[in-house]
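Below is one structure, written out as structure tokens; the observations come after it.
The values are calculated or read from the model by the stated rules, or taken from the named source; none is laboratory data. From a predicted model like this one, the values you see are computed outputs, not experimental measurements. Heads up, the Cβs are rebuilt from the backbone with ideal geometry, glycines too, and the neighbour counts pull from every protein chain shown. Just the protein is used for accessible areas: all its heavy atoms, side chains included, with ligands, DNA and RNA removed. Shrake-Rupley method; radii C 1.70, N 1.55, O 1.52, S 1.80 Å.
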Amino acid sequence: MCGKTGEMSPILDEILKDIQGLDPKAALVLGAGFVREEWKTLCFKRAYSILSSAVMSTKQIASILVPESNTRFMERPARVELLRQAFQKAELREALPLLSHQRARPSFFEKLDQTLQQGRMNFAHAAEAEVISNQLIEKTGNQQKREEFFLLNRFWERLLEVRELWDEARLYEDAVQNLSVATPKLLDLYYRVEHSREKPRVEWFWSELGKKTTVRSLSSDEILKELSETGDQSLVRKRAHSLEDAALFLLDELYSDIDKQVVVIQDLPVIRRTLKRVAEQRGIYLLDSRDPTLVTQSEAIKQSLLDLELCAKGFSRATALEWLRYFHPKSKEYRKKIIETAIVQGLDSYQRIPELHFVFKTIHDRYSSRLTLDQLKNNILLSIHSHELPAWTQQVMERLFTEWEKSLEQIDLKRFKKPLRYWFEQLRDKLKQVNPVIDPVKNRNGLKLYRVDQCPSLLSQTEVQIHFFGIENAYFEPKETQGEWFSVRDQEVLASEFGWMSSLEKSSQNRRSFELWSRDRKSVFWEFEYDESGNETEGFDFTLGDADQYPLEKIGAHSRLIASWKGASWVSPETEKLTLPDKPSSKETAETAAWPFSLVHAYGNCPFVAYSQHLLRLNDERDVEVELSADRFGTLLHSALEEVLKTPDDIENAFEVAWKKTPPIAWEKNERWYHATRTHVLEILARFVDDEVGYRARSQADLLYSEKEVEVSIGSLALRGRIDRIDQHEDGLIVMDYKTGTGHSSGRDTLETGKDLQLGLYALAAREVFQSEVITAQYIHLDAQKINRNSGFLFGAWNKGKKSDEVARPISSARSNSNSLFPDEPASIWPALQLRVEGIAQSILAGNFPAKPADPLDCARCRFRGVCGETRR
């Protein structure tokens, strides 16, 4: 029967009547952009019962015409392995030098397969490939890489023929050949519904099929006319500060009436990932249970590979730390030991931690150096079982391995053995391609998420509102891309002379798809200024119409996040409700209800940092550095100074005592490190002893306390701490704080901003505990070149900045313009500082911890900037 393509569309009910029942008269063939399940749902809603075979794809029809391909059709894993196997032959590598040279690139064979398959589908048949090759040589000259791809294509066709294997391109070519030599069993009528233009080889197949039976082609526009009712069309633009903000605002709108809301996205990983994460925070899940992100972003899947990864990467420290974090009850203890013992690589190195070595040895014995696919499968399933991972994880892996085994069996590679690193990389890549997991629990309500290039076939209700989210400018603009096989110039020639889809046609098709979604419906187009990494995203601005026709509403940053670039002030509801526990929850303070001075000090610098450090107790797991870290060096030096003050003539003994109090870890446990540290510390101690002699002579002050523990209450907040040193001067107390670095605020800056309060807190505590005036609170900056005592809270009555100054017993020698020098009496300064500290104490007790640093420049080096949201600015 001769086919009649392109006829007027019959009514939708006529199509459904023809495809219903046990003996349908016709089949409905859906092209790209349609969701098969939606069409089945449409049939049932209109009271038509259908067989699963009544709604088909073009590939299914071709498979019926080439039945021998059903068990020999190669999916991507098998094709990739066959290419990898082919390039092991020296003859092929010599014939394809440019492609062979790139074999070491990551995922080379996966990308090569993708390029080869896309190119093959662009040729109607093998003979056309030869014509195109000759035409391109004539038009654009010889290009070695392009010619290598044509040669690879001929090699691939011959390889498939010899091995009796099929890919999609060969399937269509053989289906057409079978149509020409026989009269296969076909239905009398095929309804072909198209949303976007198919590849040339698919179009060629349909033109040949139309010679044997009737094909009625329908466009998505015609179908939508049947499904849609005339409604009000309007489009509103909303622009948020960042991708995260836009997602939060969007979910706020969806939450109250989610059944009548649809989100249409450009299928970019960052867009889908952000929407899914923000939705789950609201307790909203995807209505379609086939979630493509469930596998690629699942922590459970990641955990299922950790045993393999641990062995494949030679028990590297980074992998071992991650493994412990997930699977070991004593994770914190063992992670600390790994770092402190400087373990880098290799199972044997863990013998320094016998209990952990035993655990890792058990895993190692299970994974031999080379495995077959079957052995790998058994080990992965055993890991899932032993770590008690979710049941669906095992289902995903079993399905993946079943398909993988089938693919490798087709090319006789099922029983080959490969190294663990090979299997790990391959398995991780396979998981990126695995089909979406179908959740057996169906959601009654949820987020309706579609791609913009899908056909909105079932959105028949005019009251449905469309939200376009994360659609780039480039999606609607002609975009010429340099391909691996064909250059931009090649693609222009092929578009003009061979009917290939041009970049202009592709952008027009994308625009048409967008317009179908928004036709006769209320729509919102969501934009944002910055992506998830904080980069500007002009690509997500609206470009489809006049700005006057589609006015822009700037909505800025979401209230759940911190103040944005617009300068809005905000404190989160979670933070507003925070209250301090009755007692600090740490081992060091278990016996007392007092909080450390460092809480108030950190709050003065930035309240959110104080919250992160002292309430959330967030700490970095630092690796051992190539030199002694600042805090460990400070601890060592403090201990040495405590001894020096007792016996100033024996600095060497002071160092040895301090070294024993600060036990070495990791690489510090060697002679060279010890001698280098000893030399450095002794230089500082010698300089300190010399300076101390001069200080004592001029001030005539005596040591009162070293490392003195004190406890006070300020503004109803109990505080405790250890003051480095207190000296007794004839006129009062001198409070000292040892520092090995610079960059601390002067006394005046501390008083004005509240930054670097530690020294001031020491002074206030000393006044209260000893009921004596503090006449100086100074930082002692320790350096091998010079000891500096001229910063902190210094007072003119005890400061001799010039030789001409007449001071009886001077403590400091700061210049008159120093911000650390006060002309006033101490009794007029400390009450002002007390007031500031009491205000901070009240804010702490009220649970108010906003992200407002005293110095905004501190944010650039803050460890918590990713927690508070500073990286979003």
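So, by mean Cβ neighbours within 10 angstrom, what's the order for 681-689, 151-159 with the highest one leading? Could the numbers behind the result be given before it?
Values: 681-689: 18.4, 151-159: 16.8.
Top of the packing list down: 681-689, 151-159.
Using the Cβ atoms and a cut-off under 9 Å, what net charge is assigned to the surroundings of residue 484, where Lys and Arg are +1 and Asp and Glu are -1?
Details: positive: 111, 145; negative: none.
That sum, taken over residues with Cβ under 9 Å, equals +2.
Pairwise over distinct Cα atoms, reciprocal of the mean inverse distance: report the Kirkwood radius of the range 801-857 in Å, one decimal place.
Taking every pair of different Cα atoms in the range 801-857, averaging 1/r and inverting gives 14.9 Å.
Could you give the semi-axes, largest first, of the ellipsoid that matches the range 86-219, computed as the square roots of 5 times the alpha carbon gyration tensor eigenvalues and rounded to whole Å?
Numbers: eigenvalues 213, 56, 42 Å².
Semi-axes from the Cα gyration tensor: 33, 17, 15 Å.
Report, to the nearest whole %, how much of the accessible area of the range 483-538 belongs to carbon and sulfur atoms, 1.4 Å probe, protein only.
Numbers: 1090 of 2530 Å².
Exposed carbon and sulfur together represent 43 percent of the surface.
Taking only Cα atoms, what is the 0 to 90° angle, nearest 10, from helix 269-281's long axis to the longest principal axis of the chain?
Between helix and principal axis, roughly 70 degrees.
Let me have the 222 nm mean residue ellipticity of the chain computed from DSSP H runs of 4+ only, each contributing -39500 (n - 2.57), with the sum over all residues rounded to the nearest 500. Spell out each step's value before the answer.
Numbers: 35 runs with 399 residues, N = 873.
Helices in the chain give a 222 nm mean residue ellipticity of -14000 deg cm²/dmol.
For the range 85-211, what is the accessible area per residue in Å², given a 1.4 Å probe and the full set of protein chains? Intermediate results must be reported in sequence, preceding the final value.
Details: 6020 Å² over 127 residues.
Per-residue value: 47 Å².
Return an integer: the convex hull volume of the alpha-carbon atoms of the range 298-397, in Å³ per residue.
Spread over its residues, the Cα hull of the range 298-397 gives 91 Å³ apiece.
Using Stokes-Einstein with the Kirkwood hydrodynamic radius over Cα pairs, what translational diffusion coefficient do you get for the range 760-873 at 25 °C and a viscosity of 0.890 mPa s, in µm²/s rounded to a whole number?
On the way: Rh = 17.0 Å.
After rounding, the answer is 144 µm²/s.
What's the ranking of 709-722, 212-225 by average number of surrounding C-beta atoms within 10 Å, highest first? Could the numbers behind the result be given before it?
Values: 709-722: 16.3, 212-225: 18.4.
Packing order, densest peptide first, comes out as 212-225, 709-722.
Share of the range 140-241's accessible area from carbon and sulfur, percent, 1.4 Å?
Details: 2000 of 4550 Å².
The computed percentage sits at 44.
What is the angle, in °, between the Cα long axis of helix 488-497 and the longest principal axis of the Cα atoms in the chain? Nearest 10 is fine, range 0 to 90.
20
Can you give the Rg and Dmax of the range 658-803 based on its C-alpha atoms, in angstrom?
Using the Cα atoms of the range 658-803, the pair Rg, Dmax is 17.1, 51 Å.
Over the Cα atoms of the range 151-302, each weighted equally, I'd like the Debye log10 I(q)/I(0) at q = 0.15 Å⁻¹, rounded to two decimals.
-1.00
How charged is the neighbourhood of residue 839? Take every other residue with its Cβ under 15 Å from the Cβ of residue 839, and add Lys/Arg as +1 and Asp/Glu as -1. Intermediate values should be presented prior to the final figure.
Values: positive: 755, 836, 852; negative: 752, 838.
Around residue 839, the surrounding residues sum to +1.
Could you name the lysines whose alpha carbon sits less than 28 Å from that of residue 211, not counting residues in the same chain fewer than 8 places away?
4, 17, 25, 59, 185, 199
Run the count for the range 634-780, please: Lys pairs, Cα-Cα under 30 angstrom, 8 or more apart or on different chains.
15
Using a cut-off of 19 Å between alpha-carbon atoms, which aspartates and glutamates can reach residue 45, once sequence neighbours fewer than 8 places away in the same chain are excluded?
By straight Cα distance, residue 45 reaches 13, 14, 18, 37, 226, 229, 259, 288, 463.
Note the listed values (i) 1.27; (ii) 1.04; (iii) 0.93, then indicate which one is Cα Rg over 2.2 N^0.38 Å calculated from this particular structure.
(i)
When you count, for each residue, the other Cβ atoms within 10 Å and take the mean per peptide, how do 830-838, 115-123 rank with the highest first? Mind dumping the intermediate values first?
Values: 830-838: 16.4, 115-123: 19.0.
My ranking of the peptides, most packed first, is 115-123, 830-838.
For the range 69-97 and the range 711-776, compute the distance between their C-alpha centroids and round to whole Å.
Here the two parts' Cα centres lie 75 Å apart.
Run the dipole for the chain about the Cα centre, Lys and Arg Cβ at +1, Asp and Glu Cβ at -1, nothing else charged, and hand back the magnitude in debye, nearest 20.
Values: 120 positive and 133 negative charges, 341 e Å.
Here the chain has a charge dipole of around 1640 debye.
Just the accessible area per residue of the range 239-321, please: how many Å² with a 1.4 Å probe?
Values: 2870 Å² over 83 residues.
Value for the range 239-321: 35 Å² per residue.
Which Cα, out of 845, 502, 701, lies furthest along the positive dipole direction of the chain (beta carbon charges, K/R +1, D/E -1)?
502
Output the 0 to 90 degree angle, nearest 10, between the alpha-carbon long axis of helix 651-661 and the longest principal axis computed from the alpha carbons of the chain.
40
Report, to the nearest whole %, how much of the accessible area of the range 599-723 belongs to carbon and sulfur atoms, 1.4 Å probe, protein only.
Working: 3140 of 6410 Å².
Answer for the range 599-723: carbon and sulfur cover 49 percent of the accessible area.
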